[in-house]
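The structure under discussion appears below in the form of structure tokens.
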Amino acid sequence: MPTPPRVLTVAGSDSGGGAGIQADLKTMLALGTHGMSVLTAVTAQNSLGVQGAWELPAEAVRAQFRSVVDDIGVQAVKTGMLSSPELVETVADLLAGLSAPVVVDPVGVSKHGDALLAASALDAVRTKLLPTATLATPNLDEVAQLTGVRVREEADMRRAAAAVLGFGPRWALIKGGHLEGDAVDLLTDGTEEHWLRAPRHDNRHTHGTGCTLASAVAARLAQGDTVPEAVAAAKEYVTGAIAGGFRLGAGIGPVDHGWRLRG
């Protein structure tokens, strides 16, 4: 049997299994790739929120990364929760030596509004991490946090994308899921522009959407897609996962990473 494409996630753990490393690995498997992980933090987390978070030492993050990359190799990387300036800088330095595409999900807060990125780390994300990215995938809250641009309507998304691209990623995907109406995203490299639309599903169980989308893009890039092709395929996958989101616990449940297996 041929070896599947290899994708690495550098992110935090979600003990409830809806987001973070757990969502990333489920997505990578569902899309036909071999997922690997570098754990950056452990969270106590469930459908109600994040009850605690413990960052791993930079030395442990560096050792995990080198262990995987130097032996197994990677064909795409996705980053998620990097809570401190030290971790952001450590991961950025590691990524700078890779030729594989990198998808940066600049995780700022959880689905429940819990802070997952220290304010002191924002400058490192802007100046160190985003320049390593093939694609950055901020939601509207993260756009505001990083750039100060507040998107209140679809017309504001071009300005948001330009501000994100100013920090150095090759492409920016501005996720407009927090706007009203259809779920619309803007993908651009400053020259090309792709608007991606999907119907909004009436389902509150959407925990893990950002992690899932970024991981799906990375999985498709590892399979040889261009950035626009990868993002379009990832958008289709996450839309189906949102439609299949299910109740888990007393709060917001996860999206369904295996929806195609049950289709």
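The values are calculated or read from the model by the stated rules, or taken from the named source; none is laboratory data. Since we're looking at a predicted model, the values are computed, not measured. Don't worry about glycine lacking a Cβ; one is built from the backbone with ideal geometry, like all the others, and counts go over all protein chains shown. Each accessible area value is taken on the protein alone, full model and side chains, heavy atoms only, with ligands, DNA and RNA left out. Shrake-Rupley method; radii C 1.70, N 1.55, O 1.52, S 1.80 Å.
Per residue, the chain exposes 42 Å² of accessible surface when a 1.4 Å probe is rolled over the protein heavy atoms with every protein chain present.
Our coupling estimate for the range 139-146, obtained by passing each phi through the Karplus curve with A = 6.51, B = -1.76, C = 1.60 and θ = phi - 60°, is 7, 5, 5, 5, 4, 5, 5, 7 Hz, Gly and Pro reported as x. Remark: the range 92-154 is approximated by an ellipsoid whose semi-axes, taken from the C-alpha gyration tensor as √(5λ), come to 22, 14, 11 Å, largest first. Close amide H pairs (under 5 Å, H built 1.01 Å from N) link Arg200 with Ala183, residues at least 5 positions away or on another chain.
Phi-derived couplings, Karplus 6.51 cos²θ - 1.76 cosθ + 1.60 at θ = phi - 60°, listed residue by residue for the range 238-254: 6, 5, x, 5, 5, 4, x, x, 10, 5, 8, x, 9, x, 8, x, x Hz, with x used for Gly and Pro.
Rounded to the nearest whole Hz, the Karplus-based 3J(HN,Hα) values (6.51 cos²θ - 1.76 cosθ + 1.60, θ = phi - 60°) of the range 71-77 follow the sequence 9, 8, x, 9, 10, 6, 10, with x at glycine and proline. When Thr206, Thr226 are compared by accessible area of protein heavy atoms, the largest-first order is Thr226, Thr206, using a 1.4 Å probe.
For the range 121-263, what is one quarter of the convex hull surface built on the Cα atoms, given in nm²? Approximately 9.2 nm², given one-decimal rounding.
Considering only Cα atoms, the convex hull volume of the range 1-105 works out to 98 Å³ per residue. Dividing the summed -39500 (n - 2.57) terms of all DSSP H runs of n ≥ 4 by the residue count of the chain sets its mean residue ellipticity at 222 nm at -10000 deg cm²/dmol. Taking the Cα centre of the chain as reference, the dipole from Cβ charges on Lys and Arg (+1) and Asp and Glu (-1) amounts to some 420 debye. Measure off 7 Å from each Cα along the Cα-to-Cβ vector at Ser15 and Ala155, then give the distance between these two points in nanometres to one decimal. About 4.8 nm separates the two model spin labels. When DSSP beta bridges are restricted to pairs lying wholly in the chain, around 45% turn out antiparallel. Solvent-accessible area of the chain (1.4 angstrom probe, protein heavy atoms only): carbon and sulfur portion equals 51 percent.
One entry in (i) 0.97; (ii) 1.29; (iii) 0.91 is Cα Rg over 2.2 N^0.38 Å calculated from the shown coordinates; its label is (iii). Take 235-247, 71-83, 211-223, 146-158 and order them by the average number of nearby Cβ atoms within 10 Å per residue, most first; the result is 211-223, 71-83, 235-247, 146-158. Distances between placed amide hydrogens fall under 5 Å for His207 paired with Gly253, Val255, all partners being 5 or more residues away or on another chain.
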